[in-house]
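Colleague: If you scroll down you'll find the structure; I have some questions about it.
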Amino acid sequence: MQVHALLSPELILIDLKGKTVESVIREISKFMGEKRCVKDWEKLYERLLARESLGSTSLPGGIAVPHCKMEEMKEAKLSLAISKEGVDFNSPDGKLTHLFFTAVSPPSPPNLHLQVLAAIARLARKGKEGLVDKLLESENPKEAMQVIENEEFKDES
Amino acid sequence: MIKREVILVNRLGMHARAATKLVQIAQKFRSKIIIEVNGMEADAKSILGLLTLAAPVGTKLLIKAEGEDEEKALKAVVALITNRFGEGE
């Protein structure tokens, strides 16, 4: 599984405005509700926030992976929200978080959720610091989508 | 270098919270700790590495530790995994 196969330009929010964990999760939940990823954005908001309260979903290098499972889902849905200024998302390396890959999966099959996370982790590893920089420079969702496709189609090195 | 095979027994497998806990334990040791799954290796001190394994419950993990505190490191990592990362199921 690869990130570009789960994303599309319309699921990329290029100008995330939130500055706190709560406001970022709210903004992303509303966005995914508008894009019909979920029926009820408030339920998504509650689930994602509950997950963050168990421990931050931040990864090193300016990336976070807010996620939850929802019974209504027929397939996994992924969105990307980009914060130009960055957010203090309690990351393990203390850096500001700029990229939020938010994954909502059905409870079953259980492996699906792990595969979505693995796809994001592979992309983050391949792109290294350059991924965040290139996505921050993207002026619109289409450009951001192109950055991700280019990274994923690049040969493993 | 010492190694030991363990089965991932927590229901959710190597999900983000479990991987985070594993990194926290692994970082307490100086030894290099590698988790191998079907020939694919991940550094136990790297959350990105652990997540790329996408290992579900029932996966056979080969834990390898190398360094001055390798025995303690291996023991701690194996204990965390067999105790289901502190998860209820």
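Colleague: Within the range A:34-83, which trypsin sites (Lys or Arg not before Pro) sit in a loop by DSSP and count at most 11 neighbouring Cβ atoms inside 10 Å?
Modeller: Numbers: sites: A:K35, A:R36, A:K39, A:K43, A:R47, A:R51, A:K69, A:K74, A:K77; in loops: A:K35, A:R36, A:K39, A:K74.
Qualifying residues, ordered by number: A:R36, A:K39, A:K74.
Colleague: Place a +1 charge on the Cβ of each Lys and Arg in the range A:3-153 and a -1 charge on the Cβ of each Asp and Glu, then give the dipole magnitude about the Cα centre in debye, rounded to the nearest 20. Each step should come with its number before you reach the end.
Modeller: Details: 21 positive and 23 negative charges, 65 e Å.
Approximately 320 debye in magnitude.
Colleague: Return the long-range amide H neighbours of A:K69 (sequence gap of 5 or more, or a different chain), with a cut-off of under 5 Å between placed amide H atoms.
Modeller: A:S105
Colleague: Return the long-range amide H neighbours of B:D69 (sequence gap of 5 or more, or a different chain), with a cut-off of under 5 Å between placed amide H atoms.
Modeller: B:R30, B:S31
Colleague: Each residue of the range B:14-28 in order: what ³J(HN,Hα) in whole Hz does its phi give by Karplus 6.51 cos²θ - 1.76 cosθ + 1.60, θ = phi - 60°, with x for Gly and Pro?
Modeller: 7, 7, 4, 5, 5, 5, 4, 5, 4, 4, 4, 5, 4, 5, 6
Colleague: Okay, next question. Give a residue-ordered list of calculated ³J(HN,Hα) values for the range A:94-111 (Karplus: 6.51 cos²θ - 1.76 cosθ + 1.60, θ = phi - 60°; whole Hz; x for Gly, Pro).
Modeller: Result, rounded to whole Hz: x, 7, 6, 9, 10, 10, 10, 8, 9, 10, 10, 10, x, x, 9, x, x, 6.
Colleague: Another question, if that's okay. Set the Förster radius R0 to 45 Å, insert the Cβ-Cβ distance between B:R30 and A:R36 as r into 1/(1 + (r/R0)^6), and round the FRET efficiency to 0.05. Walk me through the numbers before you get to the answer.
Modeller: Values: r = 50 Å, r/R0 = 1.11.
Working from the Cβ atoms, E equals 0.35.
Colleague: Expressed as an acute angle from 0 to 90° and rounded to the nearest 10, what is the orientation of the C-alpha long axis of helix B:70-82 relative to the principal long axis of chain B?
Modeller: Once rounded, one gets 10 degrees.
Colleague: Between A:I25, A:V132, A:H113, whose Cα lies farthest towards the positive end of the dipole of chain A when Lys and Arg beta carbons carry +1 and Asp and Glu beta carbons carry -1, centred on the Cα centre?
Modeller: Among A:I25, A:V132, A:H113, the one farthest towards the positive end of the dipole of chain A is A:H113.
Colleague: With a 1.4 Å probe and all protein chains in place, put A:T20, B:T52 in order of accessible area, largest first.
Modeller: Values: A:T20 70, B:T52 15 Å².
The most accessible residue leads, giving A:T20, B:T52.
Colleague: Hey, another quick one. Along the charge dipole of the range B:2-86, which of B:S31, B:F85, B:A55 sits closest to the positive end, that is, farthest toward it, with unit charges on the beta carbon of Lys, Arg, Asp and Glu (+1, +1, -1, -1)?
Modeller: Positive-most Cα among the choices belongs to B:F85.
Colleague: Rounded to the nearest 5, what % of the DSSP beta bridges within chain A are antiparallel ones?
Modeller: Values: 9 of 16 bridges.
Beta bridges within chain A, antiparallel portion: roughly 55 percent.
Colleague: Where nothing but the Cβ of Lys and Arg (+1) and of Asp and Glu (-1) is charged, how large is the charge dipole of chain B around its Cα centre, in debye to the nearest 20? Walk me through the numbers on the way to the answer.
Modeller: Details: 14 positive and 11 negative charges, 39 e Å.
Rounded to the nearest 20 debye, it is 180 debye.
Colleague: Going by amide H atoms built from the backbone, whose H comes under 5 Å of the H on B:T59, apart from near neighbours?
Modeller: B:L8
Colleague: A further question follows. Let me know the mean shielding of A:113-123 by other chains, meaning the per-residue number of their Cβ atoms within 10 Å of its Cβ. Each step should come with its number before you reach the end.
Modeller: On the way: counts 6, 12, 2, 2, 9, 8, 3, 4, 12, 5, 2.
Per residue, the number of nearby Cβ atoms from other chains is 6 on average.
Colleague: Let me ask you something else. Hey, quick one: spin label on B:E89, modelled 7 Å out along Cα-Cβ, who in the range B:1-24 has an amide N within reach, i.e. under 18 Å?
Modeller: B:8-18
Colleague: Would you kindly derive the ³J(HN,Hα) couplings of the range B:56-64 from the backbone phi angles with the Karplus curve 6.51 cos²θ - 1.76 cosθ + 1.60 (θ = phi - 60°), listing them in order in whole Hz, with x for Gly and Pro?
Modeller: My calculation for the range B:56-64 gives x, 3, x, 5, 7, 10, 9, 9, 10 Hz in order.
Colleague: How much accessible surface area, in Å² rounded to 10, belongs to the heavy atoms of B:L8 with a 1.4 Å probe?
Modeller: Its accessible surface works out to 0 Å², give or take rounding.
The values are calculated or read from the model by the stated rules, or taken from the named source; none is laboratory data. As the structure is a prediction and not an experimental result, all values here were calculated from the model. Cβ atoms come from the backbone with ideal geometry, glycine included; neighbour counts cover every protein chain shown. Just so you know, the surface numbers come from the protein's heavy atoms only, side chains and all, with ligands and any DNA or RNA stripped out. Shrake-Rupley method; radii C 1.70, N 1.55, O 1.52, S 1.80 Å.
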